[in-house]
Each structure stands twice: as structure tokens, then as C-alpha cells.
Amino acid sequence: DNLENNRFRLHFQPIRDAEGEILHYEALVRMMDENGDLLYPAVFIPLAEKYNLMPEIDKLVLKNTLEILKQDKNLKVFMNLSGESLGRCELMEWIGSSIIASGIDPGQIGFEITETTAIRNLETAKEWIIKLKEAGCGFALDDFGVGFSSFSYLDTLSVDYLKIDGSFIKNLDSDTTKFTLVQAINTAAHTLGKKTIAEFVENEAVWRILHELKVDYGQGYYLGKPKPMEVQ
């Protein structure tokens, strides 16, 4: 019933380039508890996965995001897509037709799937990335580098962006191993024609190092906190 009684809220967090210009926003979902306090995904996503509710949450996020995009033609937003949704053909078809029916420019919306989801559903992921990109949407591979079996399949996925996992970015200013790993991921991504986004950019020192490494974009509290977005 939580899905029905409008307990979910969208927060948008900006992704910026070296000059501070916004590339797009990521739609992050929050949930209100009985007392009106915000719950973060770490609390409710495991439960939603356990009870197979992720496709319903994905549908809700898409509906609300499309409503917000209709009101602002200059807004560009990427939303997360669960592995469960990716595996449901009829739901993916519904996503495609909802975007067309909304009348927005499909270039206003993009999708993120995690690296582990992509590996687990490689053929399906390939197919839907191609279909949604042909429709005009963007695509990003999230939490990249955690699996690190990564580079072998990367050239078969036609994503636009690789989001370098935050575990590599935290302490980048004090950990030389992380510096080397980020450099390797960034070089490989650029060689394969992908742009890179660093997650968890939390201070100026880290942001400066990412510039030196020529990472394309950043996301994190230093560059902008998630802000609530309401459907008008």
C-alpha cells in the first residue's frame, strides 16, 4: 500500500562538468515513513527487492519524472533502472511507450543500470540499451569498477557514460592506489568512447584531482546536494 499512498518523493542531484555546468540530474527516490521522516534507499530498497516491488517503484519514478520534465523542457534527468525491471519485457515496452506518450523530447530522459545488473543480464541489457538509445534516451553504467571484470564486456554495451564507483573516489586525495585505479578506468572508458562521471565528489581536493585525471563529470555533495522535486 506504500506505493499507492504517495509516500515516495523524488530528489534531483546535479552532475556537473569541470566548469560547473550541469550535464543532467539523477533522480533519487526517498520514502516517507509514518511520521513523515525521510527514509533513504539503503533502508527500503532491500525490502522492495525481497518482495519484488522494484518494478513498481521504477514505474512510479518514471511517471513522476515525466510529469516534471513536461513542465520544464530544459531539464534533463537520468533515473535508475532495477535489474528486475530490465528482465521484464512488458515493463520495458511500457517505459518506451510512456516516454513517447508523454510528448517530452526523449533526449530529456536517461537511464542508469548498475554494472552488476548489466553483467547478470548482459544480453537483455544490450538489447534494451540499444532500443532506448534508438528512441533518443541516454544511458549510464552505474557503480562501475566494483566488479572489475569490467573492461572485457564494456565495448559491447553502448552506454554513453560510466559512473566510477564512489569507493574509488573517496580519499582519492590521500590514496595513491585509488588514483591509479581511477586513472585506469578513465583511460579505458575514453578509449572505448564513453564519458566518465565520478560519484561521491565530497571536497575540492578530490574535484581538482579528477580534473587532472581528465574525468569528464562529477556528482556529490561538493557539487550539489539532492533537492526535493515535486510534480506541480
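The values are calculated or read from the model by the stated rules, or taken from the named source; none is laboratory data. Small disclaimer: the values here were computed from a predicted structure and weren't measured. Note that each Cβ is placed from the backbone with ideal geometry, even for glycine, and that neighbours are counted across all protein chains shown. For the accessible areas, the whole protein counts, side chains as well, though only heavy atoms, and no ligand, DNA or RNA atoms are used. Shrake-Rupley method; radii C 1.70, N 1.55, O 1.52, S 1.80 Å.
Inside the range 195-208, residues that are under 30 Å from Val61 (Cα atoms) and open to solvent by 80 Å² or more (accessible area, probe 1.4 Å) make up a count of 3.
Taking the criterion of being within 28 Å of Asn74 (Cα to Cα), open to solvent by 20 Å² or more (accessible area, probe 1.4 Å) and among the small types (Gly, Ala, Ser), the residues of the range 14-60 that qualify are Ala18, Gly20.
From the list Asp165, Asp160, Asp142, Asp105, the lone residue that is in contact with a helix residue (DSSP H, G or I) (Cβ under 9 Å, 6 or more places away or on another chain), within 22 Å of Tyr25 (Cβ to Cβ), in contact (Cβ under 8 Å) with a residue 60 or more places away in the chain and not polar (S, T, N, Q) is Asp142. For His211, the conditions (1) surrounded by 19 or more Cβ atoms within 10 Å (Cβ to Cβ); (2) touching a residue at least 60 places away in the same chain (Cβ under 8 Å); (3) of a type outside the set (Lys, Arg); (4) farther than 29 Å from Arg30 by Cα all hold with the exception of (1). Just one of the numbered conditions (1) over 19 Å from the mean Cα position of the chain (by Cα); (2) among the aliphatic types (A, V, I, L, M); (3) open to solvent by less than 60 Å² (accessible area, probe 1.4 Å) is not true of Leu192: (3).
Yes/no matrix, rows are residues, columns are (1) modelled with pLDDT of 95 or more; (2) basic (Lys, Arg); (3) in contact with an Asp or Glu (Cβ under 8 Å, 6 or more places away or on another chain):
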site: Asn35; (1), (2), (3): no, no, no
site: Lys70; (1), (2), (3): yes, yes, no
site: Met79; (1), (2), (3): yes, no, yes
site: Arg88; (1), (2), (3): no, yes, no
site: Ile109; (1), (2), (3): yes, no, no
site: Ile119; (1), (2), (3): no, no, no
site: Thr124; (1), (2), (3): no, no, no
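Scanning the range 181-204 for residues that are farther than 30 Å from Glu134 by Cα and at pLDDT below 95 yields a single hit, Leu181.
State whether one or more residues within the range 169-185 are open to solvent by 20 Å² or more (accessible area, probe 1.4 Å) and closer than 30 Å to Ser98 by Cα.
No, every residue in the range 169-185 fails to be open to solvent by 20 Å² or more (accessible area, probe 1.4 Å) and closer than 30 Å to Ser98 by Cα.
Does the range 77-89 contain at least one residue that is in contact (Cβ under 8 Å) with a residue 60 or more places away in the chain and either farther than 20 Å from Asn121 by Cα or out of contact with any helix residue (DSSP H, G or I) (no Cβ under 8 Å at 6 or more places or on another chain) (or both)?
Scanning the range 77-89, I find at least one residue that is in contact (Cβ under 8 Å) with a residue 60 or more places away in the chain and either farther than 20 Å from Asn121 by Cα or out of contact with any helix residue (DSSP H, G or I) (no Cβ under 8 Å at 6 or more places or on another chain) (or both), so the answer is yes.
Among the residues making up the range 100-158, those that are under 20 Å from His190 (Cα atoms), open to solvent by less than 10 Å² (accessible area, probe 1.4 Å) and aliphatic (A, V, I, L, M) are Ile113, Ala118, Ile129, Ala140, Leu141, Leu154, Leu157.
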